[in-house]
Amino acid sequence: MITPSMVGAWTLFKKELLRFWKVSFQTVAAPVITALLYLLIFSHVLGSHVEIYPGVDYTVFLIPGLIMMSLLQNAFANSSSSLIQSKVMGNIIFILITPISYLEFFLAFLAASIIRGVCVGFCIYLVSTLFIDLPLEHPWIILAFAFLGSAMLGAFGIIAGLWAEKFDQMAAFQNFVIMPLSFLSGVFYSIHSLPPFWQKVSHLNPFFYMIDGFRFGFFGVGDISPWLSLSIVVFSLLVLSIITILMLRAGYKLRG
Amino acid sequence: MPAAVQFHDVSKHFGALQALDGVDLSIEQGEFFALLGPNGAGKSTMINILSGLLRPSQGSVEVMGFDVIKQYREARRSLGVVPQELVFDPFFSLREMLRFQAGYFGKRKDNDVWIDEVIEGLGLSDKAGTNMRKLSGGMKRRALIAQALVHKPPVIVLDEPTAGVDVELRHMLWEFIRRLNADGHTIILTTHYLEEAEELCSRVALLKQGKIIKLDTTANLLRTMHGKLLQLKFSGELPAALIPMLKEKNPEGYLLKLDEVSALEHVLVNLRQADIALEDLRLIEPDLEDVFVEMVGKSS
Ligand SMILES: Nc1ncnc2c1ncn2[C@@H]1O[C@H](COP(=O)(O)OP(=O)(O)O)[C@@H](O)[C@H]1O
Ligand SMILES: [Mg+2]
């Protein structure tokens, strides 16, 4: 049985998908190109000097981290930019005056973010396999981290989109929260190569677990156990989702 | 039969500001109702509480018998809202936007026929595939009206539908809204043009500083606030016989208040007797601000 409420939530999800798909050059092609540039530069500069996991070429080591980083950033960008734009333009009211519930709103935005994140990640994977042979030790672990990671950042994007009232506040959030978290997460290195203090700091960064677990899926090796990473990611996702749902239920900065 | 819209003792504060103060109002199904009031009176606040964009600080509101908070799904399905601001989604074409909007209300593909009818009825057929960004102000206004109708709501609320709209379009919109009412929809519009309420609505609530200061049929209301203003321009003094009618002396000349049109006769006779050569004469419909000054003056 398809109820009107299901149609409502599904429509919102489709609208959110189409919103990024219509500008897929910016929302998919651009991040793929950025990731490939990183790959090109870092592997060229460091490729011959660094071997992080025995027998794994640096370039190969780099790819899963880059995929995950782009996936996370794009999942975040999807829900946060959609919300801030429709708040600034005022068209958020078109959704607020409908029977769509806060939970349906949450699911629709989250699902669209997951699709955007996974889509970007998958494109980077496809393009890089044209040049480089990438092992796939545990495909299910890869998929699990891809979905959980993009869901987590999708929820985080909703929080940021609800909180920010102007584009510059959103830019600040990107620059001072999302960028540091993604660069200090071990995308470009194994955290075992860091001094002990910075290793500890990295352990507080949820991005580290997502990237390490994701990388484990490819190589079957990681800095920590993938099950620990998985638990931490699931836990973080739950916490963020609850915060997001509570904010939506309260109509935080949406309904006065 | 439940009322189309019912406000029970509704108040709304924004910090220290009291935007609505104990509003009680019942609008019957099938009515054509106007909420009239100067800027800042609280008209949009009432509409936004109705549509769920704002929550009342006190009191409750029902649409077709459904509480707008406890039974928000049913209440919102019963309501179509045309917001005051010209908001739009720049990512989509008019038709896409309307289909999404209908979908949010649970409507499916079979509703597309109705959407095309609405597009046609508002004269937007040749713009259906055009991106919202590229529509003119008047077209965006019509698009907003179309958007409020996609789910065939029994109650339609228009917040200043003709603000900033040219005369031709205003009449087209009036005609369209009248037809909706004839088809059985309850219509509630807010306006600060007396003329609009007078032209369209059968009942009017006058809102001032968050309170309904008058609630009556349009006919009764107009009877109590009849009269027009007459702007005269000439050199010389106003004849003594006309001084009781003087409302104000302004740079243009004299502004007189006519209680009825026949009083014009009296003015012209007196001007002729005083040998005054008129340079200009203009009859002005009282605007709502004047009416208010008068109403509030009387009621206090
Ligand atoms: N979101 C808000 N925050 C603070 N004050 C508001 C808000 N919305 C409206 N107001 C104030 O409430 C009063 C009523 O506003 P409004 O309902 O928009 O009036 P109207 O639609 O009759 O012109 C005004 O003084 C306005 O400044
Ligand atoms: Mg208003």
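The values are calculated or read from the model by the stated rules, or taken from the named source; none is laboratory data. All figures in this text were calculated on a predicted structure; none of them were measured in a lab. Here the Cβ is made from the backbone with ideal geometry for all residues, glycine too, and neighbour counts use every protein chain on show. To get the accessible areas, we keep the full protein, side chains included, count just its heavy atoms, and leave off ligands, DNA and RNA. Shrake-Rupley method; radii C 1.70, N 1.55, O 1.52, S 1.80 Å.
In loop segments of region B:66-132 as defined by DSSP, the trypsin sites (Lys or Arg not before Pro) with at most 14 further C-beta atoms inside 10 Å of their C-beta are B:Lys70, B:Arg108.
Taking the convex hull of the alpha carbon positions in chain B and averaging its projected area over all directions gives 18.9 nm².
The mean count of C-beta atoms from other chains within 10 Å of the C-beta of residues in B:62-73, rounded to a whole number, is 1.
Here's the picture: a label point sits 7 Å out from the Cα of A:Leu107 along the beta-carbon direction, and within region A:1-39 the residues with their amide nitrogen under 17 Å of it are A:1-17. For the peptide B:41-51, the mean number of other protein chain Cβ atoms found within 10 angstrom of a residue's Cβ is 1.
Residue pairs exceeding 19 angstrom between C-alpha atoms, taken from B:Lys43/B:Lys247; A:Lys166/B:Lys134; A:Lys15/B:Lys109; A:Lys253/B:Lys43: B:Lys43/B:Lys247; A:Lys166/B:Lys134; A:Lys253/B:Lys43.
Angle of helix B:137-149 to the longest C-alpha principal axis of chain B, folded into 0 to 90 degrees and rounded to 10: 50°. When each full DSSP H helix of chain A is screened for a Cα extent of at least 30 Å along its own axis and an average Kyte-Doolittle hydropathy of at least 1.0, the helices passing are A:102-131, A:139-163, A:226-250.
When the P(r) is computed for the protein assembly as shown, the part past 36 Å accounts for 49% of the Cα-Cα pairs.
Treating r as the C-beta distance of A:Lys166 and B:Asp112 and R0 as 41 Å, the FRET efficiency rounds to 0.65. Sequentially through region A:50-56, phi angles give Karplus couplings (6.51, -1.76, 1.60; θ = phi - 60°) of 10, 9, 7, 9, x, x, 9 Hz, Gly and Pro residues having no value and appearing as x. Think of it as helices only: each DSSP H run of n ≥ 4 in chain A is worth -39500 (n - 2.57), and spread over all residues that comes to -24000 deg cm²/dmol at 222 nm. Taken one residue at a time, the phi angles of region B:209-218 give Karplus couplings (6.51, -1.76, 1.60, θ = phi - 60°) of 6, x, 10, 7, 9, 7, 9, 7, 6, 4 Hz. Gly and Pro are set to x.
Per residue, region B:162-214 exposes 46 Å² of accessible surface when a 1.4 Å probe is rolled over the protein heavy atoms with every protein chain present. When peptides B:135-144, B:116-125 are sorted by average Cβ neighbour count within 10 Å, with the highest value leading, the order is B:135-144, B:116-125. The Rg/Rh ratio for chain A is 0.99, where Rg is the radius of gyration of the alpha carbons and Rh is the Kirkwood radius. Surface composition of region B:5-223: carbon plus sulfur atoms hold 48% of the accessible area, using a 1.4 angstrom probe and ignoring ligands, DNA and RNA. Shown for region A:123-162: the carbon plus sulfur share of the solvent-accessible area, taken with all protein chains present and a 1.4 angstrom probe, equals 74%. Please work out the Cα center distance from region A:3-47 to region A:183-227, rounded to the nearest Å. About 24 Å separates the Cα centre of region A:3-47 from the one of region A:183-227.
Karplus-based coupling profile of region B:259-274, in residue order and whole Hz: 6, 9, 5, 5, 5, 4, 3, 4, 5, 5, 4, 5, 5, 5, 4, 7, with θ = phi - 60° in 6.51 cos²θ - 1.76 cosθ + 1.60 and x standing for Gly or Pro. When A and B come together, around 2900 square angstrom of accessible surface is lost from both chains combined, probe 1.4 Å.
Of the residues making up region A:71-94, those losing 40 Å² or more of accessible area when the isolated chain is joined by the remaining protein chains, with a 1.4 Å probe, are A:Met89, A:Asn91, A:Ile93, A:Phe94. Legend: residues in region B:97-118 shielded by at least 30 square angstrom of accessible surface upon adding the remaining protein chains to the isolated chain (1.4 Å probe, heavy atoms) are B:Phe100, B:Gln101, B:Gly103, B:Tyr104, B:Phe105, B:Gly106, B:Arg108.
With respect to chain B, whose longest principal axis is taken over its alpha-carbon atoms, helix B:288-299 is tilted by about 80°. Once backbone amide H atoms are built at 1.01 Å from N, B:Arg203 has B:Phe32, B:Ala34, B:Thr218 as its partners under 5 Å, excluding neighbours fewer than 5 places away on the same chain.
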